[in-house]
Amino acid sequence: MRGALRLVRFRGAAGGGPRLGLEEAPGGDLVDLSAAEPELPRSMREFLEIGPRGLELAHRALQSGQHRVPRAAAQLLAPLGDPQKVICVGLNYHDHCQEQAVKVPKEPLIFSKFPSAITGPFDDIVHPQDTSELDWEVELAAVIGKRGRHIEEAAALQHVLGFTVANDVSARDWQMRRNGRQWLLGKTFDTF
């Protein structure tokens with residue numbers, strides 16, 4: 001079994017559209033998959049949908065030693081710029097429940113985010129004038145790479161392609177006191 005790949009989306013120094021790539025090493029230079037393997041799709045979601053063939057081509061590009069982009073010449077983008085769904089679980093650990101002065105839920109508290117809430121790792125987060133209670137949390141995000149429904153718990157990780165870090169930004173006043181305490185609006189301002 002081959003080692004894990006650190007897949008990225010980036011924009012090169014010359015600008016242009018998003019490109020697919022991977023890191024040679026954590027924090028290292030990038031392999032430009034879009035240049036190395038022109039048959040690969042430009043969308044990370046489409047890349048993930050082609051499954052093992054895409055990963056095989058990515059490994060081949062890494063081994064070739066070509067199509068390198070210095071990290072300093074690349075702007076990292078959100079790993080997935082066009083997700084079909086962003087499903088989140090709220091109040092998913094005890095310390096956070098204590099911070100919020102709420103009971104630990106008996107069942108998962110599910111909410112979603114709109115794609116316009118997604119930003120790159122170094123992009124600015126816009127503080128809307130409509131909120132005075134901006135808050136954030138670092139979360140572990142699972143990237144689903146294999147479709148499925150009614151999946152048994154024992155088989156769940158077979159559908160996870162990988163993990164990334166997510167910054168969950170919230171307008172706590174909108175989430176907890178406005179709009180009938182529906183979480184959606186407090187969690188999905190643009191760039192949140």
## Note on the structure
Here the residues within the stretch 89-104 that are surrounded by fewer than 13 Cβ atoms within 10 Å (Cβ to Cβ) and either of a type in the set (D, E, K, R) or not in a helix (DSSP H, G or I) (or both) are VAL89, TYR93, ASP95, GLU99, ALA101, LYS103, VAL104
#### Entry: Pair list, Cβ under 7 Å, 6 or more apart: the stretch 102-117 residue under 16 Å from ASP168 (Cβ atoms) and among the basic types (Lys, Arg), other residue open to solvent by less than 50 Å² (accessible area, probe 1.4 Å) and part of a strand (DSSP E or B)
LYS113/CYS88
### Query
Somewhere in the stretch 182-192, is a residue of a type in the set (Ser, Thr, Tyr), open to solvent by less than 80 Å² (accessible area, probe 1.4 Å) and within 17 Å of the chain's Cα centre (by Cα)?
yes
### Query
Which of the residues spanning the stretch 133-161 are among the small types (Gly, Ala, Ser), more than 30 Å from ASP173 (Cα to Cα) and open to solvent by less than 40 Å² (accessible area, probe 1.4 Å)?
GLY145, ALA155
### Message
Pairs please, first residue from the stretch 145-157 and of a type in the set (Lys, Arg), second anywhere and at pLDDT 95 or above, Cβ atoms under 9 Å, 6+ apart in sequence or on different chains.
### Response
none
### Message
Residue under question is ALA171, and the condition is that it be surrounded by 14 or more Cβ atoms within 10 Å (Cβ to Cβ), of a type in the set (A, V, I, L, M, F, W, C) and touching a residue at least 40 places away in the same chain (Cβ under 8 Å); does it hold?
### Response
yes
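The values are calculated or read from the model by the stated rules, or taken from the named source; none is laboratory data. None of these values were measured; they are calculated from a predicted model. Neighbour counts run over all protein chains shown; Cβ positions are idealised from the backbone, glycine included. These area figures cover heavy atoms from the full protein model, side chains too; ligands, DNA and RNA do not enter into them. Shrake-Rupley method; radii C 1.70, N 1.55, O 1.52, S 1.80 Å.
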